[in-house]
1. If we only count helices (runs of 4 or more DSSP H) wholly inside segment A:286-355, which ones have 3 or more residues that are within 17 Å of A:Val51 (Cα to Cα)?
2. In segment A:178-200, which residues are without any contact (Cβ under 8 Å) to a residue 60 or more places away in the chain, under 25 Å from A:Ala73 (Cα atoms) and among the hydrophobic types (A, V, I, L, M, F, W, C)?
3. Looking at B:Ala213, B:Ala140 in this structure, which one is surrounded by fewer than 21 Cβ atoms within 10 Å (Cβ to Cβ) and either touching a residue at least 40 places away in the same chain (Cβ under 8 Å) or touching a Leu at 6+ places or on another chain (Cβ under 7 Å) (or both)?
4. Scanning segment A:45-93 for residues that are outside any helix (DSSP H, G or I) and among the charged types (D, E, K, R), which turns out nearest to A:Trp167 (Cα to Cα)?
5. So, of the residues in segment A:265-285 that are crowded, with 22+ Cβ neighbours inside 10 Å and part of a helix (DSSP H, G or I), which turns out to be farthest from the other protein chains (Cβ to nearest Cβ)?
6. Test B:Ala16 against the criterion of being hydrophobic (A, V, I, L, M, F, W, C), over 23 Å from A:Arg276 (Cβ atoms) and touching a strand residue (DSSP E or B) at 6+ places or on another chain (Cβ under 8 Å), and give yes or no.
7. List pairs: first residue in segment A:11-29 and at pLDDT 85 or above, second residue not in a helix (DSSP H, G or I) and not hydrophobic (A, V, I, L, M, F, W, C) anywhere in the structure, Cβ distance under 6 angstrom, at least six positions apart or on different chains.
8. Would you be able to say whether some residue in segment A:211-222 is within 12 Å of another protein chain (Cβ to nearest Cβ) and not in a helix (DSSP H, G or I)?
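The values are calculated or read from the model by the stated rules, or taken from the named source; none is laboratory data. This is a predicted model, so every value here is computed, not measured. We place every Cβ from the backbone using ideal geometry, glycine too, and count neighbours over all the protein chains shown.
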Amino acid sequence: MIATSIKWTRHNLFGKPFDVALSLLVIPGVLWIACSILDWALTTARWDIIVQSLRVLMIGVFPADQAWRAWTASAIMAATLGAGLGCVFSFKPHHGLVLALVPLLILIVDHGDPQNALSAAGIVAATSLGWVLTSYVPLSRKAMPAAAFTGFIVVVAVMAPPGVELWGGLLLSVLLTLVTSVLSLPIGILLAFGRQSRLSSLRIICTWYIEVMRSVPLILVVYWIWILMPVLAPQWGLADVARGMIGFTIFYSAYVAEYVRSGLQAVPRAQTEAARSLGISEFDINRSIVLPQALRVVVAPLVGNVLDIFNSAPLVFIIGLTDFLRAGQMILANPQYGDRTFEVLSFLLVTYFLVGSMITYAARKLEDHMATSAR
Amino acid sequence: MNAIVEMKSMNKFYAAHHVLKDIDLAVTRGEVMVILGASGSGKSTLIRCVNGLEMYQTGSLVVDGYDMPVEADRKLGGERELAAIRKGVGMVFQQFGLFPHKTVLDNITIAPMRVRKKSREEAEATAMKLLDRVGLKAHAHKYPGQLSGGQQQRVAIARSLAMEPHLMLFDEPTSALDPEMVGEVLDVMRELATEGMTMMVVTHEMGFAREVADRVVYIDQGSIIEIGKPDEFFENPKNDRARSFLARVLRH
């Protein structure tokens, strides 16, 4: 182990004179930066602010006495996400170990106060439970779409009573990402097929929609929909959250459509011709032959799109919503905490990084899964 | 006359390019017709017209009792005849055209289930019988990518046969294969021919043409130059161009 790492170091970092010079410059520099950050994090930084405002960061201005609703909703979403992971790759003990670190870490930072740690433990347990279920009971995978749909309805039902306008924090960011990703996929697929349609009116409308959405900023679309919805449909009385989700979905559907279209074009013409020669209808050809192969090609960009949605979620501040980043700003707006900017921003950065890495990790597993199931 | 395919002064253009010129051709039921010609002569286009993968512009084409609509009518929605024709006409391609995301078994059952509305049990039973016939029963649950070219092409033949076609089209079925795999595919085709399947075959396998064909058609630059019994055609071609074509392909 040590021998191989020494060998690796000599080969890669000290192989040629230029490498040696570069390594001598860069390695101490990196070490110095790492040490300073670690030193600050362990001695100077006062992390109690994160502990005290964890609830605000996670669920925004959602009333404290109703927080159980938010935790329940989080647990349901976690279980659904876990079950989704289980369809792609099996739960292994080391996954459980990594997940268990989260409540443990919170417990340590909280100086043994179990309140936050218990909520986190519940969410982690829900994730593992869903994950284990679909990993080892193949039959349960068939129930996934129905279960996810029911789960979503329950989440909304549980979260709604205190007022939809109070949704916020990381929970809102995740909810917005989930709803947008799930809704924009079918819409994007329809748009992609529409853009290739033989009916020129449909083709022109879809092309026009995609091109317009891709040439304007997201923030403009979201703001626009927010203003326009009450004018177009005043009787619906849609909440800001719903309008935000609609804006995001409308915008990102165009991007999904372009990814899917590139996948459709990657399916060889011979596939369509072979299917036609068997007498299969055009609808069935698109649904069963072309689309599955197209989606396989574009899994990576589509998941990249999910990451993009998650990282764009802070833009909902423009319509007055409190997402994860905005919640952090709200804490800093308190004069009492004015000197804790670095602590809060570091926490936001690390959390965004962790969630993003998790999405990327799941995406890589999904790609492997797709590759092995159809060689 | 018991013709399954009947072309009368059929013409096809790609824009200004005249691909098929006044084709008159009839294929009788049970006949094996081999179509020969240099590359680019229009022989693939000719058989691709029979199941409507290519459209023709003027003349007439009757397949299995249905009028194949000309291009102008296809655009107006003359698709019902097309669907009926494709149900009864199987086709095997140079590049196999198997669906890579489906197992061999699913490749074979999808059309009978979707188009002929057969139950899964019935379709799978037929599929296993056909796989047995082409010698690939053991590979039913593999994906196409796990099979050799010759095996894939035999699966493709089985897939077409699952629709119980009245006519089989072969578009250079052995051209993409390694030489040692050509034989196994030709064997399956030979067997089909002896069972009385009507076949139109575009191929460069002169030995197969000579042995199995009832008639040989020679096409050059989009026109039929010569039609005849294989023995007559190969021994004593009447046309100069056919003679020089044979001299070129039979030299090695």
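1. A:324-333
2. If the condition is that a residue be without any contact (Cβ under 8 Å) to a residue 60 or more places away in the chain, under 25 Å from A:Ala73 (Cα atoms) and among the hydrophobic types (A, V, I, L, M, F, W, C), then A:Val182 is the only one that fits.
3. After ruling out the rest, the residue left standing is B:Ala140.
4. In this case the residue turns out to be A:Arg46.
5. A:Ala275
6. When the stated conditions are applied, B:Ala16 does not pass them.
7. Filtered contacts from segment A:11-29: no entries.
8. No, every residue in segment A:211-222 fails to be within 12 Å of another protein chain (Cβ to nearest Cβ) and not in a helix (DSSP H, G or I).
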